[in-house]
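Please read the structure below before turning to the comments.
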Amino acid sequence: MKITKILKFGGSSVGTPKMIKKVGEIVGIASRKENVAVVVSAFQGVTDQLLKCARLAVKNNPQLQIELKILKDRHIKAAEELSRSKKLKVESINYIENIFKELGLALENISKEKQVSNKNLDWVASFGERLSAYIMAISIKNAYLADAREFIKTDNNFVNAQVDFARTNRKINNFFRNKKGIPIITGFLGSTLKGETATLGRGGSDYSAAILGAALNVKVIEIWTDVDGVMSADPRLVKNAIVLPQISYEEAIEMAYFGAKVIHPATMLPAIKKNIPLLIKNTFNSSVPGTLIKKDLIPLPVAKGITSIDDIALVNVGGVSLAGIPGSAARIFEATARRKVNVILISQASSEHTVCFAIKSSELGVALQSLKKEFFKEIKSSQVTLSDISGQCILALVGDGMRGVPGISGRLFKVLGDNGVNIFAIAQGGSERSISFVVDSKNKARALNAVHNEFF
């Protein structure tokens, strides 16, 4: 059976039996038109609860048994409500009881070792998807459970495993070649060459959908969420934000990087390589068209979105000893890289007299510590100065249509100036696809609304 569409459901889409019934309706409608496969996440909040159980097991905390009972009761109740026959109801309760016995053994091992390895964390975390996929499978007619550990093969970098695509693609095609019915696939999971359970990192279920879609060369990958699609701005802050009907892969990557609620860039890569469109849809409002992410769109309108990243600190490294001397910037960013500090934005004068960069506020302390060590002699002799500004946020105006269009920056900075918003740093990539700028967090909402009104 040739699968032509992947549907992925997660978060609040699989939060309650009522929502799972809604998912079943969506899957049923889609499966009448073409052959579909379904990828699911754990029930909403369950992965976090499982990881909490692992931490409780390390300490032999009696709260562990209470948490396990809550988890088991939730899944049994869902199975009882969603089973399509009395026989399935009995089978499902037995299945869930056995799954929780296996989970109990995993937690006992952690308790005995008095520590939790990444390998054991992955084992514990896997139970969420294994339970939700099973319950989804028994609730949908003509569906069957497909454990992704059988065909998504990874290295042993537990918690954030890397996929062996050559082996994975071969196994996926072999697994589904002669299958009939609707596969309900565990998202987030894979297994090592030794058969050990590994996870693909948070957001891994979207990644699973892209891996499967690329391997099976499907027509489209649908990501069902709790929003109507990709928004032009955060609707909580910008009341007239709109759903974008279409955006390019590149625009989606830029918007996701700068905080928009879009599928994570890394999870899109398998689909992008195969030029497979992704469609963002709302499980709670399935009649809305959603947002299509694809290649080669007409770049209209000029801008597609205004996004933001909060809790930012700016670091300024300045001094006469930096001006015109090759390698100064390299020293700055080698110092931050040594402490694994992620630099989000860089702004530099042509003289290199001052280099300004933005990082998460939580990383400010270690960044300054590393820079002081790197430039110890220069700081001591007053040739280099370090300063920082906290309480900032980065805003980014994104759109393929901005490329080669004169006056975009002028319009942007004029509207910010007219609304009394001071800009602390500016950066624009060579692609001209985005303009990023740093403002004080207290001006975030005002800046977002001013820019959105100007460009939308």
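The values are calculated or read from the model by the stated rules, or taken from the named source; none is laboratory data. The structure presented is a predicted model; accordingly, all values stated were derived computationally and were not measured. Because the Cβ atoms are built from the backbone with ideal geometry, glycine has one as well, and the counts that use them run over all protein chains shown. For accessibility, only protein heavy atoms count, side chains too; no ligands or nucleic acids. Shrake-Rupley method; radii C 1.70, N 1.55, O 1.52, S 1.80 Å.
A few remarks follow.
- Placing unit charges on each Cβ (+1 for Lys and Arg, -1 for Asp and Glu) gives the chain a dipole about its Cα centre, and among Ile152, Val355, Ile276 the Cα reaching farthest toward its positive end belongs to Ile152.
- What region 304-456 shows is 46 Å² of accessible area per residue, with the surface traced by a 1.4 Å probe over protein heavy atoms.
- Taking the Cα centre of region 283-348 as reference, the dipole from Cβ charges on Lys and Arg (+1) and Asp and Glu (-1) amounts to some 200 debye.
- Globularity ratio of region 350-403, using Cα Rg and 2.2 N^0.38 Å: 1.53
- In a reduced charge model with +1 at each Lys and Arg Cβ and -1 at each Asp and Glu Cβ, region 148-195 shows a dipole moment near 280 debye about its Cα centre.
- Taking region 108-256 as the region of interest, the number of lysine pairs whose Cα atoms are within less than 28 Å, with members eight or more places apart or on different chains, is 21.
- Straight-line cross-link partners of Lys340 among the lysines, defined as a Cα under 19 Å from its Cα and at least 8 positions apart when in the same chain: Lys360, Lys372, Lys373.
- Heavy-atom surface of region 38-81, accessible at 1.4 Å and reported per residue (Å²): 49 Å²
- Taking all Cα pairs closer than 8 Å and separated by 6 or more residues, the relative contact order of region 119-262 comes to 21 percent.
- The convex hull built on the alpha-carbon positions of region 5-69 has an orientation-averaged projected area of 5.1 nm².
- Within the chain, antiparallel bridges make up roughly 60 percent of the DSSP beta bridges whose residues both belong there.
- Over region 196-266, the Kirkwood radius and the radius of gyration, each from Cα atoms, give a ratio Rg/Rh of 1.01.
- For the residue pairs Lys21/Lys72; Lys261/Lys281; Lys5/Lys33; Lys21/Lys101, alpha carbon separations beyond 18 Å are given by Lys21/Lys72; Lys21/Lys101.
- Per-peptide average of other Cβ atoms within 10 Å, ordering 355-368, 378-391 highest first: 355-368, 378-391
- Residue-by-residue Karplus 3J(HN,Hα) for region 53-61, coefficients 6.51, -1.76, 1.60, Hz, glycine and proline x: 4, 4, 5, 5, 5, 4, 9, 6, 6
- For region 413-455, alpha-carbon Rg over 2.2 N^0.38 Å: 1.14
- Those trypsin sites (Lys or Arg not before Pro) in region 21-102 that DSSP places in a loop and that have at most 15 other beta carbons within 10 Å: Lys59, Arg84
- Within the chain, the proportion of C-alpha pairs whose separation exceeds 40 Å stands at 30%.
- Rounded percent of accessible protein surface that carbon and sulfur make up, the chain, 1.4 Å probe: 53 percent
- Taken along the Cα-to-beta-carbon direction at a fixed 7 Å, the label points for Ala445 and Phe333 span 3.6 nm.
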